[in-house]
Every structure is written in C-alpha cells, then in structure tokens.
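Student: Input: one structure, supplied below.
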Amino acid sequence: MLKHTETIRVRYGETDQMGFVYYGNYALYYEVGRVELLRKLGIAYSELEKQGIGLPVVSFEIKYLKPAKYDDLIAVETRISEKPSTKISFHYTCRDQHGNELNTGKVILVFINIVSGKPMRCPKNLEALFNEHLSE
C-alpha cells in the first residue's frame, strides 16, 4: 500500500455559517492529498498533462463523521492499495489534530488521452512505478 499524509489548516473562507468546513471543500483537501502522494512518487500532474495524459475524477464518495472548524489542523491520509489499470483509486481518511476521524472517502480517476478524450491504460512507466511501490 502507498500512503501519504498531508496537513492542512482550515481557513476561515472554507467554513460555512455554522463554522464548520463546508462539505465541498473536502474534494479540494482530497486533491491536495492525491497530488502530494503522486509527487512523493516522483509524478507531477503537470508532467502528465505535458505527456498528453489526463486524470479526471469519475467517482467521489465521502462519509462524514465529525465536522472540522476554522483553524483546525486536518491530517489528510491518502492511500493507494490497488494497482491502476485504466482507473486509479485513492482512499482517504481525514483526522483532526487530536486524531479523531472526521471523514473517510474514495475517489476514482480514469486515465485519458487529453487530445482524444478517450480512456487509456495506465502508461507503462507509471505502471512500473506503482508496481514497484505497491509490492513493497
């Protein structure tokens, strides 16, 4: 399993009238976790795009357990446990600064050829990188 934890401090503008993190902002927090996990592996989204590879989200699931509030520190744990094919799945757990679970989620992205917009298999070089790290 590949795993990375990124810490995010909740900004005032990310909260709703009740003082809780607005639910839609977790998609942004998950994206930060996903991008940083890939960066840790040596994969930059910008480089993928230069190679003509896109990764749009095709599924987003989240289960809310407890709200986060302004100025809280949120640990966004991002995991990959399955080898990618045409799709890649990321699993998430967000915790507050006390270790309490705030939510869990799963996001599935599909590899596409940016020019044609059609799905494609995970590129061989990325597949090798994932295989190397997922077999550890």
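No value in this document is a laboratory result; all are computed from the given coordinates. Small disclaimer: the values here were computed from a predicted structure and weren't measured. Cβ coordinates were reconstructed from backbone atoms using ideal geometry, including for glycine residues, and neighbour counts include every protein chain displayed.
Student: Pairs of Cα atoms under 8 Å, at least six residues apart: use those to get the relative contact order of the chain, whole percent.
Tutor: 30
Student: Between Lys118 and Glu61, what length in nm is gained on full extension when 0.36 nm per residue of separation is reduced by their alpha carbon distance?
Tutor: This chain segment gains 18.2 nm when fully extended.
Student: Using alpha-carbon pairs under 8 Å, 6+ residues apart, how would you state the relative contact order of the range 82-136 in percent?
Tutor: Rounded, it is 36 percent for the range 82-136.
Student: Of the residues Leu37, Leu28, Leu109, which exhibits the maximal mean-square fluctuation in a Gaussian network model of the chain defined by a 10 Å Cα contact cut-off?
Tutor: Highest fluctuation of the listed residues: Leu28.
Student: So how much slack lies between Glu82 and Leu28, counting 0.36 nm per residue of separation and subtracting their Cα-Cα distance, in nm?
Tutor: 17.2 nm
Student: Work out which chymotrypsin sites (Phe, Trp or Tyr not before Pro) in the chain are exposed loop sites (DSSP not H, G, I, E or B, at most 15 other Cβ within 10 Å) and give the longest gap free of them.
Tutor: 71-136
Student: So how many Lys-Lys pairs in the range 2-134 land under 13 Å Cα to Cα, not counting same-chain pairs under 8 apart?
Tutor: Here the count comes out as 5.
Student: Just Asn125, Asn103, Asn113 to compare: in a GNM of the chain, with alpha carbon springs under 10 Å, which one fluctuates most?
Tutor: Between Asn125, Asn103, Asn113, it is Asn125 that shows the largest mean-square fluctuation.
Student: Using a Gaussian network model of the chain with C-alpha springs under 10 Å, which one of Asp72, Asp96, Asp16 is most mobile by mean-square fluctuation?
Tutor: Result for the chain, Cα springs under 10 Å: Asp16 fluctuates most.
Student: With each label point set 7 Å from Cα along the Cα-Cβ vector, what nm distance links Met18 and Glu47?
Tutor: That separation, rounded to one decimal, is 4.2 nm.
Student: Another question, if that's okay. Under the rule of -39500 (n - 2.57) per DSSP H run of 4 or more residues, summed and divided by the residues of the chain, what mean residue ellipticity at 222 nm is obtained, to the nearest 500 deg cm²/dmol?
Tutor: Calculated from helices alone, the mean residue ellipticity at 222 nm is -7500 deg cm²/dmol.
Student: Size of the range 69-136 along its principal axes in angstrom, Cα-based, largest extent first?
Tutor: Principal extents (largest minus smallest coordinate, Cα): 43, 31, 15 Å.
Student: Same structure again: Helix 124-134 sits at what angle to the longest principal axis of the chain, using alpha carbons and giving 0 to 90 degrees rounded to 10?
Tutor: Its long axis makes an angle of about 50 degrees.
Student: Still on this structure, I have one more. Stretched out fully, how many nm does the piece from Glu101 to Glu127 gain, at 0.36 nm a residue minus the Cα gap?
Tutor: Value of the extension gain: 6.2 nm.
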